[in-house]
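Engineer: Below you'll find the structure I mean.
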């Protein structure tokens, strides 16, 4: 029987204090059986055979337009969704059309004291406890302003960007305090897709001016509270990795396949932060054979694994319903089997 790793083992892996008896595997978070249709029971049964090394708790942050029942003010803007029934790209839906509205938006900003902030109970079973929410700074920025406006905002109205980021950061700083006290978390995990297929959405100078100070505040506060900080950021973000490491990022997901050179990332940065490597969900898992899936698992482990830890394995994003169950079975089996073999060092990590 495969047993989940303990909280203590996970902490050692994340902090580079030593590898566990096997590579940590956290695949259930990105695998949603309900999307598999008639194959759902088979997928659920498969997942039940393998323990996740982390237990997750969703943090209910506000949505842009939609408020929960009983608290109509718990949303980022106090107006109804004008896009209901329209076919408008998610990245072009705009809630704040003009920065002249920012005073009004900030005056009615939602409160982090919202009673339903933590809607799910977390079992205490000795595993590492991770709270998560989606959309941190850049993702929340463009969800309020639309992608096109957001990318111009850094140049057209930097003061308004800073005001928005200050308000968001203050909300999340208080949220972290509550999360630690009420959920007894070991870490927090947030998304902020900063990269395209070839590089970041913006220059390192823009990142250092508009993002790095607020990121540092949140990471510092998490550390003060005794929590690690995990970041999901799709795309090629290699140009800003040194900045993220400098401000203390603990765990990075996913090192997206076909956007960055895994061996280069492992060699240059694998000793400085824990890489939560994401198995490719765009090509290999839906279209590769089970044997090709196994080969890729071995490649990722050989590339990133190191005696001091600093490596965990998962999927690069949500596994889509075009994934054959046999390929998912190969991914799980190889991750736990090959990941349990003794290894003195990674061949590629240097």
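Engineer: Does anyone have the angle between helix 212-224 and the longest principal axis of the chain? Alpha-carbon axes, 0 to 90°, nearest 10?
Structural biologist: 60
Engineer: Here's another thing I want to ask about it. Fewest to most neighbouring Cβ within 10 Å: what's the order for 232, 141, 97?
Structural biologist: Details: 232 22, 141 25, 97 11.
Listing 232, 141, 97 from fewest to most nearby Cβ atoms yields 97, 232, 141.
Engineer: Using only the Cα atoms of the stretch 1-62, build the gyration tensor, take square roots of its eigenvalues as a ≥ b ≥ c, and label the shape rounded, prolate or oblate: rounded if a/c is under 1.5, else prolate if a/b is larger than b/c, else oblate.
Structural biologist: Because a/c hits 1.5 or more and a/b fails to exceed b/c, the stretch 1-62 counts as oblate.
Engineer: Find how much the distance from residue 223 to residue 60 grows on full extension, using 0.36 nm per residue of separation minus their present alpha carbon separation; answer in nm with one decimal.
Structural biologist: Working: separation 163, 0.36 × 163 = 58.68 nm, distance 2.14 nm.
Answer, rounded to one decimal: 56.5 nm.
Engineer: Any chance you could give the angle, 0 to 90 degrees and rounded to 10, that helix 147-156 forms with the longest Cα principal axis of the chain?
Structural biologist: Roughly 60 degrees between the two axes.
Engineer: Name the shape class, rounded, prolate or oblate, that the alpha-carbon gyration tensor gives for the stretch 147-274, where a ≥ b ≥ c are the square roots of its eigenvalues, rounded holds for a/c under 1.5, and otherwise prolate holds if a/b is larger than b/c and oblate otherwise.
Structural biologist: oblate
Engineer: Also, quick follow-up: Kindly work out what percent of the DSSP beta bridges joining two residues of the chain are antiparallel, to the nearest 5.
Structural biologist: 5
Engineer: Using only the alpha-carbon atoms, how far is helix 290-304 inclined from the longest principal axis of the chain? Give it as 0 to 90 degrees, nearest 10.
Structural biologist: Here the helix axis deviates by roughly 80 degrees.
Engineer: Right, here's the next one. So, in Å, what gap is there between the alpha-carbon centers of the stretch 216-293 and the stretch 80-141?
Structural biologist: 23
Engineer: Related question: Which residue fluctuates the most in the chain, going by a Gaussian network model with Cα springs under 10 Å, if the choices are 339, 70, 235?
Structural biologist: Most flexible of the set in this elastic network: 70.
Engineer: Right, here's the next one. Cut-off is 10 Å between beta-carbons; in what order do 160, 327 appear when sorted fewest neighbours first?
Structural biologist: Lowest to highest Cβ neighbour count: 160, 327.
Engineer: Taking only Cα atoms and a 10 Å spring cutoff, compute GNM fluctuations for the chain and point out the largest among 155, 258, 299.
Structural biologist: 155
Engineer: Using a basic spin-label model with each label point 7 Å from the Cα along Cα→Cβ, how many nm lie between residue 166 and residue 113?
Structural biologist: 2.2
Engineer: Within the stretch 80-108, which residues have the backbone N less than 19 Å from the label spot 7 Å out from residue 178 along Cα→beta-carbon, could you tell me?
Structural biologist: Correct set: 106-108.
Engineer: Taking other Cβ within 10 Å of each residue's Cβ, how do 137, 102 sort, fewest first?
Structural biologist: 102, 137
Engineer: May I ask you to derive the FRET efficiency for residue 198 and residue 101 from their Cβ-Cβ distance with R0 = 35 Å, giving the value to the nearest 0.05?
Structural biologist: 0.55
Computed from the coordinates by the stated procedures, all read-outs in this text should not be read as laboratory data. Given the structure is predicted, the values throughout are model-derived calculations rather than measurements. Neighbour counts run over all protein chains shown; Cβ positions are idealised from the backbone, glycine included.
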